[in-house]
Amino acid sequence: MRQVADSNHTASLVDMLQQENTELRRRLAEVESKYAHLQGIHKAREEQYQQLKAEKMEVEQLLREKTQFIIEDQKERNAAEYAEAIRRAQFAKRGPKTNVNLHKDIIYYRNQGMSIRQIAKELKCSTSTVQRVLRDSSDN
């Protein structure tokens, strides 16, 4: 009788363990499904990120090229205008009193948000010149 009770008890324990095993397998399948879904989303986001990063790099390169072209063009025009001003001044038997193009460039760069030292370095003039031009232009 005791063997029958033990076998019934063992059978009920085995049934209970099988049910727990089945439940754990079901939960594991759900977790694996969610994990796979999240991995797919992560890959898609990573691909989008890489595409946006490549686009950003292209746009930055174009911007650098355009900016460099504009700066070079401005320098060429400034040099030509300055040379013309020097030629006229020599013709008039006096030197130029002010470099109008330099003053325009200083004001332009300041309006673009550059610091006084950056402007002086870019235009190869002293910081006091930049300060004086900015002070005089704000007085007008």
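The values are calculated or read from the model by the stated rules, or taken from the named source; none is laboratory data. Here the structure is a predicted model, which means the values were calculated and not measured. All Cβ positions, even for glycine, are placed from backbone atoms using ideal geometry, and neighbour counts span all protein chains on display.
Could you give me the residue pairs with C-beta distances under 8 Å whose first residue belongs to segment 99-111 and is under 11 Å from Leu134 (Cα atoms), whose second residue is crowded, with 19+ Cβ neighbours inside 10 Å and among the small types (Gly, Ala, Ser) wherever it lies, and which are 6+ apart or on separate chains?
If the second residue must be crowded, with 19+ Cβ neighbours inside 10 Å and among the small types (Gly, Ala, Ser), no pairs are left.
What pairs come up if the first residue lies in segment 16-30 and is at pLDDT below 90, the second is in a helix (DSSP H, G or I), and their beta carbons are under 8 Å apart, counting only those six or more places apart or on different chains?
none
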